[in-house]
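Written out below as structure tokens is the structure these notes cover.
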């Protein structure tokens, strides 16, 4: 995400979206009631009324008051029109679609500290290298794309590997190694990542690397070999939770969230009196100024006034608010504990 201007005095932020990961951050920052200015389209009919008319789309700049967000391949910001635009009625329903290259201006009544932190994280994440993961064993190869906000599964292929069959060079084993190498090269070029992590429990990673050296030498230069216990999603998670990706995702959103959640879960497992979870207990502690830091799953930011008030109480008493992506591995752990965990300054009863 490129921050073009941040005017805290007038509560305005101008940004350009440089990657799909930026949409995750925007989804966490934009709230109902905010004002967003961006480009969208309206239909214009050409030709005389009553005759056969042709419709074209015209790009227009529009300002809307946000009602809700919808997130799929794109981020759609739905709201009501707040600027005079020819052909668009004031206060009518309209939406802005956000994708790669979109420029937006966001206006808030006031920016919360955690939102400013998210903006900083988004800038840093945009500079972090990304990686393609391939893990394989005798029966399968699984692929994933690592980004700053989590990982995306890219499918798997079935294999029939054995060292003996491979060494014969004329059977399924040899063809499967070629298939894996070709798939790695294809996904590497499609995703435009900076690094490839290739893992296996045995010698297959070295054999695939050799095949890459022969068939796709430029791609092979980006490969780093790591040991994993399986070629399924468990192998992917094993790489992420270990230190194999430290160089890749160090200081990224994914790594930061995992560290934050694991730290409080460790303390919770020790029955620490300084860790509480759930809305009711955390609300009481926040009202008393007892919360040092809080982790909130973004799924809890549903426009609830209670959650907004909770965040305000934590920040007004000098506490830290950390928003965790609900789709990340760390977010899924947090959702299992009602989506909110707080670390207290002192034992609060």
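Restricting the stretch 244-272 to residues that are assigned to a helix (DSSP H, G or I) and touching a helix residue (DSSP H, G or I) at 6+ places or on another chain (Cβ under 6 Å), which is modelled with the highest pLDDT?
Residues of the stretch 244-272 that are assigned to a helix (DSSP H, G or I), as a first pass: 246-249, 253-269.
Now drop any that are not touching a helix residue (DSSP H, G or I) at 6+ places or on another chain (Cβ under 6 Å), which leaves 249, 253, 255, 257-258, 261.
Details: 249: 54, 253: 65, 255: 70, 257: 82, 258: 84, 261: 91.
Among those that are assigned to a helix (DSSP H, G or I) and touching a helix residue (DSSP H, G or I) at 6+ places or on another chain (Cβ under 6 Å), it is 261.
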Given the conditions (1) modelled with pLDDT of 90 or more; (2) surrounded by 11 or more Cβ atoms within 10 Å (Cβ to Cβ), every one holds for residue 41 apart from (1)
Please determine, by comparing only the residues of the stretch 155-173 that are touching a helix residue (DSSP H, G or I) at 6+ places or on another chain (Cβ under 6 Å) and crowded, with 17+ Cβ neighbours inside 10 Å, which one is modelled with the highest pLDDT.
159
Please determine whether any residue of the stretch 190-199 is surrounded by fewer than 19 Cβ atoms within 10 Å (Cβ to Cβ), modelled with pLDDT of 80 or more and under 22 Å from residue 231 (Cβ atoms).
yes
For the stretch 299-349, enumerate the residues that are closer than 19 Å to residue 269 by Cβ and part of a strand (DSSP E or B).
324, 340, 341, 342, 343, 344
Do we find that residue 308 is in the same structural domain as residue 257 (by TED's automatic domain parsing), under 18 Å from residue 116 (Cβ atoms) and surrounded by fewer than 16 Cβ atoms within 10 Å (Cβ to Cβ) in this structure?
yes
Determine, yes or no, whether residue 187 is under 22 Å from the mean Cα position of the chain (by Cα), part of a helix (DSSP H, G or I), modelled with pLDDT of 90 or more and surrounded by fewer than 22 Cβ atoms within 10 Å (Cβ to Cβ).
yes
Quick check: is even one residue across the stretch 273-290 touching a helix residue (DSSP H, G or I) at 6+ places or on another chain (Cβ under 7 Å), surrounded by fewer than 16 Cβ atoms within 10 Å (Cβ to Cβ) and either at pLDDT 85 or above or not in a strand (DSSP E or B) (or both)?
yes
Of those in the stretch 208-227 that are closer than 18 Å to residue 187 by Cβ and outside any helix (DSSP H, G or I), the residue modelled with the highest pLDDT is 216
How many residues, within the stretch 190-207, are assigned to a loop (DSSP other than H, G, I, E, B) and closer than 17 Å to residue 156 by Cα?
1
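The values are calculated or read from the model by the stated rules, or taken from the named source; none is laboratory data. Values in this document were obtained by computation on a predicted structure and should not be read as measured data. Cβ: placed from backbone, ideal geometry, glycine included. Neighbour counts: every protein chain shown.
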